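A short worksheet on the structure shown next.
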Amino acid sequence: MTGASCQHPGRNKYGPLRAVKQHCKVFDRNTRYRLMGDQAYNYHDVENFQNEIRKLGFRGVWNFGSRDQKRSGIHGYIEDAVAADGYLYLKWTPKDALTATTDYENRRITKETFKALISARRQYALTPHGRADEDGFQRWTYPSPKGLMLFDPATGEKLKRTPTLSKGSLTIGPDSPGSLRIIKHLSAVQYYTEEWHAWFGLRNRVEENNDWFKSDEATDIGNPKKRRARGYAYNFLVAGTAAAVSNMRRIVNHLEAEALEVVDRPTLRARRRLDIDGNRLEHAIAA
């Protein structure tokens, strides 16, 4: 655990950003990459969380699978792009592809149809270039609209002629209320794709960490008998101390396991045979 914050239930306003900033003291900007959060993080004010972590160098990976239509579906339009399920697409993308998640969560389409629409809209997606700068601005490149089936976003009718892009790229940043509404949900990967599953699945490590923290024989923070005193400050101190102890135990266990592996590893004499480059062949390791 590299960051933590405490707050009263239902008042989770600034705590997550404080925890992320604590993490940033350990890892510099060049080593900050993706940030996965549960559904509650989509409700934070963009000025207090989503836009701020982007300026710190992180790109969020969010979950939009909820019947709350404020989270899924279309978030807004900007120039020749539309934001849907946390990603940017051509504004002429078929509407049923943009609202696929909302329609599926409300049981208007089957899961097979939902997956097909998610796959089909990939060809309309803009390509991000790097991550947001320290002011929160990020550049995206439009895909070529040629050869795509395009629809008028106002009427829903199929376009007879391929429209011309106003620009080849789009820069989005916190310079307008409309942009901030899009940034609030903007994700590093397209929702429900293979890449999204691979990244968002790492949140299981958070639950694993919480379980260790609560049930570990040394910390046991889930046991109320280990924190008998009352008060916000006392419980904050206990939780912070327990986090430090849990971290130290895991570091020691890791180093001990590595040391035992080295000590118990059999010493093998180098093989005499060489490969075509003149390097000694490695020993075959039994499975």
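The values are calculated or read from the model by the stated rules, or taken from the named source; none is laboratory data. Bear in mind the structure is a predicted one, so any value in this text is a computation, not a measurement. Neighbour counts run over all protein chains shown; Cβ positions are idealised from the backbone, glycine included. Heads up: the accessible areas ignore ligands, DNA and RNA and are worked out on the full protein's heavy atoms, side chains in. Shrake-Rupley method; radii C 1.70, N 1.55, O 1.52, S 1.80 Å.
Quick look at the values:
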| read-out | value |
| --- | --- |
| CD proxy at 222 nm, helix term only [per DSSP H run n ≥ 4: -39500 (n - 2.57); per residue of the chain; nearest 500] | -10000 deg cm²/dmol |
| Rounded to the nearest 10 Å², the accessible area of M1 at probe 1.4 Å | 80 Å² |
| Normalised contact order of segment 122-261, rounded percent, pairs of Cα under 8 Å and 6 or more residues apart | 13 percent |
| Computed over segment 136-216: relative contact order in percent, which uses C-alpha pairs under 8 Å that are six or more apart | 25 percent |
| Inter-centroid distance (Cα atoms) of segment 51-94 relative to segment 166-215, Å | 9 Å |
| Total formal charge among the other residues, if their Cβ is under 15 angstrom from that of H197, Lys/Arg +1 and Asp/Glu -1 | +3 |
| Principal-axis tilt of helix 232-264 within the chain, Cα atoms, nearest 10 degrees | 70 degrees |
| Percentage relative contact order, the chain, counting C-alpha pairs under 8 Å, at least six apart | 16 percent |
| Enclosed volume per residue, in Å³, of the convex hull spanned by Cα atoms of the chain | 231 Å³ |
| Positive dipole terminus of segment 1-112, leading residue within C6, I109, F58 (C-beta point charges) | C6 |
| Cα-based helix-to-principal-axis angle, 15-24 vs the chain, degrees rounded to 10 | 60 degrees |
| Test item: Cα-centred dipole of the chain, Lys/Arg +1 and Asp/Glu -1 on Cβ, debye | 220 debye |
| Reach of K55 by Cα under 21 Å, taken over lysines that are not fewer than 8 positions away in the same chain | K13, K21, K25, K184 |
| Amide H within-cut-off set for A84, under 5 Å, with H built and near neighbours excluded | H75, Y89 |
| Trypsin sites (Lys or Arg not before Pro) lying in DSSP loop within segment 175-277, provided at most 13 other Cβ fall within 10 Å | R228, R230, R269, R271, R272, R273 |
| Stokes-Einstein diffusion coefficient of segment 1-132, Kirkwood radius over Cα pairs, 20 °C, 1.002 mPa s, in µm²/s | 130 µm²/s |
| Estimated D of segment 87-201 in µm² per second, where Rh is the Kirkwood radius over Cα pairs and Stokes-Einstein applies at 20 °C, 1.002 mPa s | 138 µm²/s |
| Where GluC sites (Glu not before Pro) fall in DSSP loop in segment 69-145, at most 13 other Cβ within 10 Å | E134 |
| Surrounding net charge for V82, when Lys and Arg each add one and Asp and Glu each subtract one, Cβ distance under 14 Å | -1 |
| Nearest 10 degrees, 0 to 90: helix 204-215 Cα axis against the chain principal axis | 40 degrees |
| Per residue, the convex hull volume that the Cα atoms of segment 152-208 enclose (Å³) | 175 Å³ |
| Charge context of P128, other residues only, Cβ under 12 angstrom, K/R +1, D/E -1 | +4 |
| Exposure of F151 as accessible area (Å², to 10), given a probe of 1.4 Å and all protein chains | 50 Å² |
